[in-house]
Number of protein chains: 2
Amino acid sequence: MNRQQLFEQIQKKKSFLCVGLDTDIQKLPKHLLDEEDPMFSFNQEIIDATAEFSVAYKPNLAFYESLGSNGIISLEKTVQYIKSNYPDIFIIADAKRGDIGNTSNLYARAFFENQDFDAVTVAPYMGEDSVKPFMTYDGKWVILLALTSNKGAFDFQFLKDEETGNQLFESVLKTSQNWGTVENLMYVVGATKAEKLKEIREIVPEHFLLVPGVGAQGGSLQEVAKNGMNSQCGLLVNSSRGIIYASNGNDFSEKAGVAAKEVQQEMAKLLSEANLL
Amino acid sequence: MNRQQLFEQIQKKKSFLCVGLDTDIQKLPKHLLDEEDPMFSFNQEIIDATAEFSVAYKPNLAFYESLGSNGIISLEKTVQYIKSNYPDIFIIADAKRGDIGNTSNLYARAFFENQDFDAVTVAPYMGEDSVKPFMTYDGKWVILLALTSNKGAFDFQFLKDEETGNQLFESVLKTSQNWGTVENLMYVVGATKAEKLKEIREIVPEHFLLVPGVGAQGGSLQEVAKNGMNSQCGLLVNSSRGIIYASNGNDFSEKAGVAAKEVQQEMAKLLSEANLL
């Protein structure tokens, strides 16, 4: 999916919501545990209930890997289910990979050939050759960690380079622009650092940003939109727990749909105020 | 496995060799492709041929993930095979994970509960809460990326912090010492940066270092030992392609054994020169 197509989906659905499929087997509604593949059954119902309000899904790989090969099967089925039933939805492998070139090539094969993800999150620590292999697939995207939403972000991401005066996350934003384009590179910027979005937009005015941390982690959607929106929206705002665990009873998918719709309606308002609809 | 036990294995085998199981389905000897699980068959033969000369194995997760759930099954079988047949060998998941605390918890569950790895490689970009969940398992280890062996290491790892004068990899070494101990934390330091090992040993004199990049990537074992060895050896030197692809004919495992033995003999000499045997 290219940038224009993504923007068209955002306009069509009046939403820039990404639903994080952080599907934890230990948190599933009890009645699903009798199903053959409880994680997939859960995802299927969540997807059907929220697809109308979302432009992207983001399975968090850790949750699937924690169940070994069975979890990977649930993940593969989930991606296939989205692609078959909702082909215009963007699917992000939240994997935070990053390794030497020959290894990153293999990860790219895993996510873009073996499975049909549209994007994968990548950690920048190992530099250019760890990131570029993900950019060789037409219509596929790298989403590079820049400024993350967690407390540990303060350990290294704000260290200021003596020579340029750039903080590490700024160096990542600036250097990586030589590796890719606005058509194959997005950045992760946590909503809990929304006040930084304005500065970040000066460095990367056109790139899409994936923004986690709204909801459970405490970030504000209004703040994110005010500081981060560009002429093609340029934002995918992720919500995981606030939607998929809105209820853990029999009505879990219905409540997830309600929660997704609420976010979508707020997003519609923000898109409209920005004259993007 | 604790540090003392690891050192005892090094002394017993006169080796600090880690064999990297970067098992690429596209590079397997042709005759294995008829087997039910070619990757596992390959690993099994490689392990049997090299276990005498190695103290550790390091499956590179990307190679298994590139085959989806089937690859994960091959990986699970490989780990079980090592644990059953060579219980004193240290097994590293070369995964380079790192995510917010609640997600890193799940990765830890994947590697240390669902599978029986002894250690996992972790990327430091997201800071403390992304690393610590891996340290809560007794006898299990984090191996944190400090200075990697690839060209991209120069993009960010040498940026110098204005305030402390530390380069990023030095900040990682110093800050992370508050998170773990010499009993649950090692560091990745590439052999291609062997001249840096002396400086690194000043910061982390006692920690074990996992050193990739000897062989195919061009690092020298003598240089690594000279600059990096400590009173408990303190080194695990990885070789992947130079051993597992020493031949791609019917004699692949025999040749892998010969290649591993050659490295082991050089290591025995270095250990002896350092009075560690």
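With unit charges on the beta carbons (Lys and Arg positive, Asp and Glu negative) and the dipole taken about the Cα centre of the stretch A:3-273, which residue among A:GLY139, A:VAL122, A:HIS207 sits farthest to the positive side?
A:HIS207
Grab the beta carbon distance between B:GLU183 and A:GLU195, set R0 = 25 Å, and tell me the FRET efficiency rounded to 0.05.
0.05
Summing Lys, Arg as +1 and Asp, Glu as -1, what charge do residues with Cβ under 15 Å from the Cβ of A:HIS31 carry, A:HIS31 excluded?
-4
What order do you get for B:ARG3, A:ARG241 when you list them from fewest to most C-beta neighbours inside 10 Å?
Starting with the residue having the fewest Cβ neighbours, the order is A:ARG241, B:ARG3.
For the stretch A:1-124, what is the charge dipole size about the Cα centre, in debye to the nearest 20, if Lys and Arg each add +1 at the Cβ and Asp and Glu each add -1 at the Cβ?
Its charge dipole is roughly 480 debye.
Among all the aspartates and glutamates, which ones have a C-alpha under 14 Å from B:LYS151's C-alpha, if same-chain residues fewer than 8 places away are not counted?
Filter leaves A:ASP99, A:GLU128, A:ASP129.
Under a straight-distance cross-link criterion of Cα-Cα below 24 Å, which lysines are reachable from A:LYS12, leaving out those fewer than 8 residues away in the same chain?
Leaving aside lysines fewer than 8 places away in the same chain, those within reach of A:LYS12 are A:LYS58, A:LYS83, A:LYS140, A:LYS226, A:LYS255, A:LYS261, A:LYS269.
Can you return the aspartates and glutamates within cross-link range of B:LYS193? Criterion is Cα-Cα under 13 Å, with same-chain partners fewer than 8 residues away left out.
Reachable aspartates and glutamates: B:GLU223.
Work out, step by step, the length gained on full extension between A:SER247 and A:PHE158: first 0.36 nm times the residue separation, then minus their alpha carbon distance; give nm to one decimal.
28.3 nm
Compute the Rg/Rh shape ratio of the stretch A:3-273: radius of gyration over Kirkwood radius, all on alpha-carbon atoms.
Reported Rg/Rh (Cα atoms, Kirkwood Rh): 0.95.
Long-range amide H contacts for A:MET186: which residues qualify at under 5 Å (H placed 1.01 Å from N, peptide plane, sequence gap of 5 or more or a different chain)?
The list, which skips near neighbours in sequence, is A:VAL142, A:ILE143, A:LEU144.
How high is the relative contact order of chain B, in percent, counting Cα pairs under 8 Å that sit 6 or more residues apart?
Averaging sequence separation for qualifying contacts and normalising by length gives 22 percent for chain B.
Using helices alone, what [θ] at 222 nm do you get for chain B, with -39,500 (n - 2.57) per DSSP H run of 4 or more residues, divided over all residues and rounded to the nearest 500?
-11500 deg cm²/dmol
Ordered by residue, what ³J(HN,Hα) values in Hz, to whole numbers, does the stretch B:156-162 give under the Karplus form 6.51 cos²θ - 1.76 cosθ + 1.60, where θ = phi - 60° and Gly and Pro are x?
10, 5, 9, 4, 9, 5, 3
Rounded to the nearest 0.05, what FRET efficiency do B:VAL258 and A:ASP116 have when you use their Cβ-Cβ distance and R0 = 60 Å?
0.90
Would you be so kind as to identify which of B:LEU173, B:PHE42, B:ASN70 lies farthest towards the positive end of the dipole of chain B, taking Lys and Arg as +1 and Asp and Glu as -1 on Cβ and the Cα centre as origin?
The one lying farthest along the dipole's positive direction is B:LEU173.
How far apart, in nm, are the 7 Å Cα→Cβ label points at A:ASN70 and A:SER220?
4.4 nm
Considering all alpha-carbon pairs of the stretch B:99-222, what whole percent are spaced by more than 17 angstrom?
In whole percent, the share of Cα-Cα pairs in the stretch B:99-222 beyond 17 Å is 57.
Since every read-out is calculated from the coordinates, none of them should be taken as a lab result. This structure is a prediction, so every number in the text was calculated from the model and none was measured. Because the Cβ atoms are built from the backbone with ideal geometry, glycine has one as well, and the counts that use them run over all protein chains shown.
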